[in-house]
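Colleague: The structure under discussion is supplied below as structure tokens; questions concerning it will follow.
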Amino acid sequence: MANTFNRRSWIKSTAILAGGTAFFSGAITSLAAIPKRIKQTVLNDRLADQAAILDSAPVMKARLLANENPFGPSPAAKKAIQEALDLSYQYPFMHMKELTSKIAAYENVSESNILMDAGSSPLLLASAMFYGKNGAEIITGDPSYSSLPSDAEQLGAKWVKVPLTADYKLDLDAMEAKITSKTGLVYICNPNNPTGTVLDTAKLKAFCERVSKKVPVFVDEAYIDYLPDPKTSSMISLVSAGNNIIVARTFSKLYGFAGLRCGYVVAQPATLKDLSKYAVGNMSLSAPTVAAAIASYQEKEFLQDALKKTLASKEFLYSVLKKEGYEYIPSSANFVMFPIKMEGARFATEMSNRGVGIRFWKFNDKDWCRVSIGRMDEMQLFADAFKQIS
């Protein structure tokens, strides 16, 4: 047991350090060279959100840059956290089993199909490390959530980027055409971040069934709870059917657990055995987090209320953009992307100077803003700042 633990720890630490030392030294140097303004997105999305927060104005009145849910966690989750504190000196093994069992029952999969971790980020990293080995290719849309492929690239993999369709959706046909004998993984973020677009469920299922016979398909469903019917839109049923699919879920979005850290992947047991070599798994979740997740999992009243508030704030944002003469990409998530009329870093800096944090991208020869959906008072602060510089 000790040898196994030491080997896993050594693999993780050496792989991360080998890819990370040169990466972070260069990235930090380039960031530091751009004083007193919001820096260009030079890190992967997970680290770019962190950098944007740390680089914002001292007082951020509206934090609309990390796609967080400002309405959560639920009262039931908060109560469970408080009640769990007295026994938090104990490892939460039994409670982890209860949480895994609840998820398995709802999703109609076996507990052996589920691997938990502290958010989906560690599981994305584990997948990057495993499927990017030996210079393998990782195929993704462009732009899409970049943490998995950028981590893989830093560790020696090849990141194959496929442009989006004219309506800013992942181009499944073009992605399939890029598959070669060197492909290690196809990564699908649905709904897609940062565009907020969602794929047709039947088309995505057909793609996954077809492509997974050639290479594994990783479907990141971080934002699926914002869809009208998450369960029928999910690809988890394909795992039950025996397909070589990995589906990632997180409590960080609609559940409001971004700071509590709870996520999981659903896949074939053999796949999870491979990924567990690079992930900490159950031991990374705290007892309060597990208790909160058990209390709030599929808590319909709270989730529906948070979704209703999110949609209202989103409609308000749409009206502001229309009134100012801006087009936007209709979003199926808790953020909206739209093209801006000035250089992205300057726009982000001007908004930050007014107490509003946003993210920016450049693609299709345009500068874009991605604004997360906040409370209505935060959206009003965005509107007031936006009108001053639009």
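The values are calculated or read from the model by the stated rules, or taken from the named source; none is laboratory data. Just so it is clear, the structure is predicted and the values come from calculations on it, not from any experiment. Because the Cβ atoms are built from the backbone with ideal geometry, glycine has one as well, and the counts that use them run over all protein chains shown.
Colleague: Within region 255-284, how many residues are aliphatic (A, V, I, L, M) and either surrounded by fewer than 24 Cβ atoms within 10 Å (Cβ to Cβ) or part of a helix (DSSP H, G or I) (or both)?
Modeller: Residues in region 255-284 being aliphatic (A, V, I, L, M) and either surrounded by fewer than 24 Cβ atoms within 10 Å (Cβ to Cβ) or part of a helix (DSSP H, G or I) (or both): 7 in total.
Colleague: Let me ask something else about it. Could you give me the residue pairs with C-beta distances under 6 Å whose first residue belongs to region 363-374 and is farther than 15 Å from T165 by Cα, whose second residue is hydroxyl-bearing (S, T, Y) wherever it lies, and which are 6+ apart or on separate chains?
Modeller: Final answer for the pair search is I373/T310; I373/S313.
Colleague: Another question about this same structure. In region 201-211, is there at least one residue being in a loop (DSSP other than H, G, I, E, B) and either in contact with a helix residue (DSSP H, G or I) (Cβ under 9 Å, 6 or more places away or on another chain) or not aliphatic (A, V, I, L, M) (or both)?
Modeller: no
Colleague: Out of all the residues in region 222-235, which are farther than 19 Å from F302 by Cα and surrounded by fewer than 24 Cβ atoms within 10 Å (Cβ to Cβ)?
Modeller: T232, S233, S234
Colleague: Do you know which residues across region 165-215 are among the hydrophobic types (A, V, I, L, M, F, W, C), within 20 Å of I236 (Cα to Cα) and either without any contact (Cβ under 8 Å) to a residue 40 or more places away in the chain or surrounded by fewer than 16 Cβ atoms within 10 Å (Cβ to Cβ) (or both)?
Modeller: Those that are among the hydrophobic types (A, V, I, L, M, F, W, C), within 20 Å of I236 (Cα to Cα) and either without any contact (Cβ under 8 Å) to a residue 40 or more places away in the chain or surrounded by fewer than 16 Cβ atoms within 10 Å (Cβ to Cβ) (or both): L170, L172, L199, A202, L204, A206, F207, C208, V211, V215.
Colleague: Output yes when any residue across region 178-198 is under 26 Å from L303 (Cβ atoms) and of a type in the set (G, A, S), and no when none is.
Modeller: Yes, there is a match, as at least one residue in region 178-198 is under 26 Å from L303 (Cβ atoms) and of a type in the set (G, A, S).
Colleague: Considering only residues of region 291-331 that are out of contact with any strand residue (DSSP E or B) (no Cβ under 8 Å at 6 or more places or on another chain) and part of a loop (DSSP other than H, G, I, E, B), which is nearest to K97 (Cα to Cα)?
Modeller: This residue is Y297.
Colleague: Which one of these is hydrophobic (A, V, I, L, M, F, W, C) and free of Cβ contacts under 8 Å to residues at least 12 places away in the same chain: L285, L311, L275, L303?
Modeller: L311
Colleague: Might you check whether a residue that is closer than 12 Å to A291 by Cβ and at pLDDT 95 or above occurs anywhere in region 63-74?
Modeller: Yes - at least one qualifying residue is present in region 63-74.
Colleague: Looking only at residues in region 125-163 that are part of a loop (DSSP other than H, G, I, E, B) and without any contact (Cβ under 8 Å) to a residue 60 or more places away in the chain, which one is nearest to the chain's Cα centre (by Cα)?
Modeller: Taking the candidates together, the pick is S144.
Colleague: Oh, and also: Is it the case that D171 is in the same structural domain as V266 (by TED's automatic domain parsing) and in contact with a Ser or Thr (Cβ under 6 Å, 6 or more places away or on another chain)?
Modeller: yes
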